[in-house]
Amino acid sequence: MALYSEKVMDHFRNPRNVGVIDNADGVGEVGNAKCGDIMKIYLKIDDDIVTDVKFETFGCGSAIASSSMATEMIKGKPVDQLLELTNKAVVEALDGLPAHKLHCSVLAEEAVKSALKDYYDRHGIEYDPKLLPDVSCDACHV
């Protein structure tokens with residue numbers, strides 16, 4: 001059995017939504033150089049819909065694939081559905097990740113939630129802080 005699924009390899013070799021959004025409505029960055037993976041997600045939101053999403057990821061193939069898949073999963077979605085993105089959903093959409101790479105999917109979820117928190121903070125939108133806590137690199141220790 002191959003270590004990585006076809007979908008992981010496809011999103012690694014042909015990542016979707018790579019880049020920066022100037023004047024993004026929300027930006028989230030998670031990870032650190034110590035754990036080796038850093039993800040940054042940019043959101044463009046119009047009428048409460050994610051109309052564009054881009055990412056920059058410094059990390060392994062699983063981190064890049066997780067970032068790419070997460071952006072595909074939230075593009076075109078209403079803002080209130082972004083909290084529904086889970087690392088488990090990212091892993092399932094990629095047809096699995098090796099156990100020692102699951103932290104990459106956790107970082108993707110956290111990056112999206114961090115960008116959503118930034119969007120809410122910038123626009124004075126109230127939210128439950130338990131749903132959007134400040135994130136650190138806890139995922140690096142999974």
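Please treat every number below as a calculation from the coordinates, not as lab data. All figures in this text were calculated on a predicted structure; none of them were measured in a lab. No Cβ is skipped: glycine too gets one built from the backbone with ideal geometry, and neighbour counts run over all protein chains shown.
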| task | Specify the angular offset, from 0 to 90 degrees and rounded to the nearest 10, of the alpha carbon long axis of helix 102-122 from the longest principal axis of the alpha carbons in the chain. | result | 10
| Which peptide among 64-72, 37-45 comes first, and what is the full order, when sorted by highest mean count of other Cβ atoms within 10 Å? | 64-72, 37-45
| task | May I ask for the net charge around Asp46, where only other residues with Cβ less than 11 Å from the Cβ of Asp46 are counted and Lys, Arg are +1 while Asp, Glu are -1? | result | -3
| When N is the residue count of region 24-72, what does its C-alpha Rg come to as a fraction of 2.2 N^0.38 Å? | 1.20
| remark: Rounded to the nearest 500, the 222 nm mean residue ellipticity computed for the chain from DSSP H runs (n ≥ 4, each -39500 (n - 2.57)) alone is -11000 deg cm²/dmol
| Nitroxide proxy distance, nm - points 7 Å out along Cα→Cβ at Asp47 and Gln81 | 1.5
| Where does helix 61-74 land angle-wise versus the long Cα axis of the chain, in degrees 0 to 90, nearest 10? | 40
| said: Let me spell out the model: positive unit charges on the Cβ of Lys and Arg, negative unit charges on the Cβ of Asp and Glu, origin at the Cα centre of region 59-120. What dipole size does that give, in debye rounded to 20? | reply: 80
| task | With a Förster radius of 30 Å, plug the Cβ-Cβ distance of Ala89 and Lys34 into 1/(1 + (r/R0)^6) and report the FRET value to the nearest 0.05. | result | 0.65
